[in-house]
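Taking it in order: structure first as C-alpha cells, then the write-up.
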Amino acid sequence: MKRVLLIDDMTTVLEQASLILKDRYELSVCSGADEAAQIVEKERPDIILADMYLEGDGAYRILKMIQGDEKLKDIPVLFTGCDVSVMALSKAFSLGAADFVKKPFTGNIVFKKIEEQLRLAETGFRYGP
C-alpha cells in the first residue's frame, strides 16, 4: 500500500480527506511543516499533499526540503487549496510542485491525481525548479 502524507492546518480537511483516502493508502496526517518534516524523515511517504497556505510558507519549506535531500527528492508534492490565484499556481509549479488538488477533495479527482503522480514517480520522472 502506498504511503500518503497530508499536511493541512484545518482539522475538518484532515478528517474529510482521511475518510476518502484511508482505505486506499497508508495515510499520515499533520497540521504543520515542522511535524511534516519529521514524518517525511521517519516514514518517507510515496507522495505528499500539502496545503499551499500553511503558516509561514510551510508548503514551500516542505517542497524545498524534499528537493534538497537526495534520498527524498523523488517524492511528488501536490499542493492543495480552496481558492488559488493563477499567480499562486504559477509560483507553485515554477518551484517544483507536481500538481494541484482543489479542496474540498472529491474521491475520483484526488485518486486520479495521486495515482498519476505515483506512476510518473515510478518512471523516474520528477518535477523541479
Selection within the stretch 6-52 - among the aliphatic types (A, V, I, L, M) and under 16 Å from K64 (Cα atoms)
I7, A33, A36, A37, I39, V40, I47, I48, L49, A50, M52
Can you tell me which residue among Q16, Q38, Q117, Q67 is in contact with a Lys or Arg (Cβ under 7 Å, 6 or more places away or on another chain) and not hydrophobic (A, V, I, L, M, F, W, C)?
Q67
Within the stretch 1-51, residues being closer than 13 Å to F105 by Cβ, in contact with a Gly (Cβ under 7 Å, 6 or more places away or on another chain) and not in a helix (DSSP H, G or I) number 1
Among the residues of the stretch 58-117, which ones are surrounded by 21 or more Cβ atoms within 10 Å (Cβ to Cβ) and over 23 Å from A37 (Cα atoms)?
none
Kindly indicate whether any position in the stretch 73-81 is under 20 Å from R3 (Cα atoms) and among the polar types (S, T, N, Q).
yes
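Return yes when D51 is of a type in the set (D, E, K, R), in contact with a Leu (Cβ under 6 Å, 6 or more places away or on another chain), surrounded by 15 or more Cβ atoms within 10 Å (Cβ to Cβ) and in contact (Cβ under 8 Å) with a residue 24 or more places away in the chain and no when it is not. Give the steps one after another, and end with the answer.
Values: of a type in the set (D, E, K, R): yes; in contact with a Leu (Cβ under 6 Å, 6 or more places away or on another chain): no; surrounded by 15 or more Cβ atoms within 10 Å (Cβ to Cβ): yes; in contact (Cβ under 8 Å) with a residue 24 or more places away in the chain: yes.
No; evaluated as a whole, the condition is false for this residue.
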What single numbered condition from (1) out of contact with any Asp or Glu (no Cβ under 6 Å at 6 or more places or on another chain); (2) outside any strand (DSSP E or B); (3) modelled with pLDDT of 90 or more fails to hold for F79?
(2)
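Considering only residues of the stretch 53-64 that are under 18 Å from T12 (Cα atoms) and either in contact with a Lys or Arg (Cβ under 9 Å, 6 or more places away or on another chain) or in a helix (DSSP H, G or I) (or both), which is modelled with the highest pLDDT? Break it down into steps so the answer makes sense when it comes.
Just the residues of the stretch 53-64 that are under 18 Å from T12 (Cα atoms), to begin with: 53-55.
Adding the requirement that they be either in contact with a Lys or Arg (Cβ under 9 Å, 6 or more places away or on another chain) or in a helix (DSSP H, G or I) (or both) leaves 54-55.
Details: L54: 92, E55: 88.
So the residue we want is L54.
Could we say that D8 is crowded, with 19+ Cβ neighbours inside 10 Å, farther than 27 Å from T123 by Cβ and touching a residue at least 24 places away in the same chain (Cβ under 8 Å) here?
On the way: crowded, with 19+ Cβ neighbours inside 10 Å: yes; farther than 27 Å from T123 by Cβ: yes; touching a residue at least 24 places away in the same chain (Cβ under 8 Å): yes.
So D8 fits the description; yes.
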What number goes with the only condition from (1) assigned to a helix (DSSP H, G or I); (2) surrounded by 11 or more Cβ atoms within 10 Å (Cβ to Cβ) that F125 does not pass?
(1)
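The values are calculated or read from the model by the stated rules, or taken from the named source; none is laboratory data. Because the structure is predicted, anything quoted here is derived from the model rather than measured. Because the Cβ atoms are built from the backbone with ideal geometry, glycine has one as well, and the counts that use them run over all protein chains shown.
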